[in-house]
Amino acid sequence: MLTTAEALDRILAAMPELPPEAVDLTLAAGRVLRQTVVAERDQPPFDRVMMDGIAISHADFAGGQRQFDIQCTQMAGDAAAELMPGHCIEIMTGASLPANADCIVPVERIATNDGVATLEAAYEPRAQQFIHPRASDHAAGSHLLGPGKRIAPADVAVIASAGLASVEVSRLPVIRVISTGNELIAAGAPIKPHQIRLSNGPAIQTLLLQHGYSDCAHDHLVDERDVLRERIAGHLREADVLILSGGVSMGKADYVPEVLAELGVRVNFHRISQRPGKPMWFGTAPGGKAVFALPGNPVSALVCCRQYVIPALSKASAAHTRPPEFAALTSDVTFEPALTCFQPVRLVSSSAGEVLAMPVKTNTSGDFTALSGTDGYVELALDESQFPAGTPVLLYRW
Ligand code: AMP
Ligand code: MG
């Protein structure tokens, strides 16, 4: 049986890269950048005034002057005026510094009367104050952003400042989430005592949405070979990635692996030495499309989706990998089986600034109620069974 690391390596190696596409800047947040973004101009593009007030020549002040005739008013967006000796220019934040001016006195420090600005008594302005010098953030032509960056709101500002109305990003994967099981009834539909509410589909869709993958329609299939074969074949034609849940264990109605084989999906592995989620299945369809078949138990399905499917989609999107995160256990954990344990946790922070992981007990891998209120899970190594409080462990946030 594969270890968790081997399983992830195999999945990542099998993921084909999605092609790039251009999107409007306002739709780019959360997408993965596929181009370099270079500064269109110096930033700021001129000596930028940082306060509302007056622009003066500091030499006039140094020569003893404290009253200045107001020559004119210059707003942000106006071309820079030329300051006359002994005068001031009324100036607004964001304006281009007037020629011959080298000092901004804030409006709070002056009194104006009859076209004359007088400095507050004892106020001593410094030369160059409240001026954001041209190119002090970056010069024209500077490299601002590169491929692989997941675009955050601040990046959108950078891209807009570079003058780009649209940007190249990875195409979103077309994902189909497929719940299998005769017993499953969707929320909203009448249910009988022996039936189970279908919860994996919406939970997986939500996890995908949270990670930026919005094209993830859901289908529910009963445990019948013909139905599974026909409907999965249809989804394989339409989608880049299939995420099935249920039907991969040892039960008599667990037809998923054999149906996938009939459809030409080549098995890469079946089972990982972990709990929850040991029965997980992964394969590749003709054309390199990835097929994840997760165990049906809700805790297993969600953990497997976060642990394997999310990194796989990130790889396919050509995103930079994030550095691993760690947290310290708040209490002792014992886990005897020779398996990697994914232990759900709630995060708290210590007054020393440490991230602490509080283990949250789940009754079984079907006990998804316990997951509510958890922030993620930690990985407890395969080759150990005692994890004392304080042990640093790998952390995965949902
Ligand atoms: P299976 O892997 O198909 O044997 O399912 C294992 C357990 O998970 C069974 O108790 C199923 O009823 C339950 N299960 C499977 N799929 C879902 C689902 N989509 N939503 C909620 N429970 C499920
Ligand atoms: Mg089932």
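Tabulated results
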read-out	value
Identity of the residue in the stretch 237-266, more than 16 Å from ligand 2 (Cβ to nearest atom) and of a type in the set (D, E), that ends up farthest from I310 (Cα to Cα)	E262
Single residue of the stretch 98-127 satisfying the filter (in contact with a Phe, Trp or Tyr (Cβ under 8 Å, 6 or more places away or on another chain) and within 13 Å of H58 (Cα to Cα)) that is surrounded by the most Cβ atoms within 10 Å (Cβ to Cβ)	I104
Failed item in (1) within 25 Å of V177 (Cβ to Cβ); (2) at pLDDT 95 or above; (3) of a type in the set (S, T, N, Q), with T362 passing the rest	(2)
Total residues in the stretch 39-95, condition among the aliphatic types (A, V, I, L, M), surrounded by 14 or more Cβ atoms within 10 Å (Cβ to Cβ) and not in a loop (DSSP other than H, G, I, E, B)	7
Boolean, P286 is more than 16 Å from ligand 2 (Cβ to nearest atom), modelled with pLDDT under 95 and either over 17 Å from R176 (Cβ atoms) or not aliphatic (A, V, I, L, M) (or both)	yes
Breaking point among (1) surrounded by 14 or more Cβ atoms within 10 Å (Cβ to Cβ); (2) on the phi > 0 side of the Ramachandran plot, for W398	(2)
Failed item, numbered, when K289 is tested on (1) in contact with an Asp or Glu (Cβ under 8 Å, 6 or more places away or on another chain); (2) under 18 Å from G201 (Cβ atoms)	(2)
Answer residue from the stretch 173-205, given it is under 28 Å from the mean Cα position of the chain (by Cα) and away from ligand 1 (no atom under 13 Å from the Cβ) and is surrounded by the fewest Cβ atoms within 10 Å (Cβ to Cβ) among those	V174
Selection within the stretch 341-355 - over 17 Å from L371 (Cα atoms) and not small (G, A, S)	E354, V355
Strands (runs of 3 or more DSSP E) enclosed by the stretch 266-341 - at least 3 residues per element that are touching a residue at least 12 places away in the same chain (Cβ under 8 Å) and either among the small types (G, A, S) or within 30 Å of A253 (Cβ to Cβ) (or both)	266-270, 281-284, 290-294
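The values are calculated or read from the model by the stated rules, or taken from the named source; none is laboratory data. Keep in mind the model is a prediction, meaning the values are calculated, not measured. As a convention, Cβ positions derive from the backbone with ideal geometry for all residues, glycine included, and neighbour counts pool all protein chains shown.
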